[in-house]
Amino acid sequence: MPETLNGRELVKNYLEENDIERESMAKMFGVSKQYLGEVLNGRKTGKKPNELILKIIQEFGI
């Protein structure tokens, strides 16, 4: 499975630039704020976290 480090950074930058709280993003995608934080910080890796990053990128056209 490809690494999503670049995608994680893109999502973090998007949240910051658009003043979107992680909690709001987490709610939108049906995950906890803690889980989203762990995914964005690279603590959670694998198929499910990568799919979440890809869904966010696709949904917002990042």
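The values are calculated or read from the model by the stated rules, or taken from the named source; none is laboratory data. Remember, predicted model here, so these are calculated numbers, not experimental data. Cβ sites come from the backbone with ideal geometry, for glycine too, and all protein chains shown count toward neighbours. These accessible areas exclude ligands, DNA and RNA; they are computed on the full protein's heavy atoms, side chains included. Shrake-Rupley method; radii C 1.70, N 1.55, O 1.52, S 1.80 Å.
Hey, can you find the accessible area per residue of segment 1-49 for me, probe 1.4 Å, expressed in square angstrom?
Spelled out: the 1.4 Å probe surface of segment 1-49, per residue, equals 71 Å².
Counting other Cβ atoms within 10 Å of each Cβ, which GluC sites (Glu not before Pro) in the chain have at most 15 and sit in a DSSP loop?
Counting only loop positions with at most 15 other Cβ atoms within 10 Å, the GluC sites (Glu not before Pro) in the chain are E3, E21.
Karplus couplings for segment 56-62 from phi (6.51 cos²θ - 1.76 cosθ + 1.60, θ = phi - 60°), rounded to Hz, Gly and Pro as x?
5, 4, 5, 4, 9, x, 6
Over the chain, with every protein chain in place, what whole percent of the accessible area is carbon and sulfur at 1.4 Å, could you tell me?
C and S fraction of accessible area: 46 percent.
Report D for the chain in µm² per second (integer): Stokes-Einstein, Kirkwood Rh on Cα pairs, 10 °C, 1.306 mPa s.
Here the translational diffusion coefficient equals 139 µm²/s.
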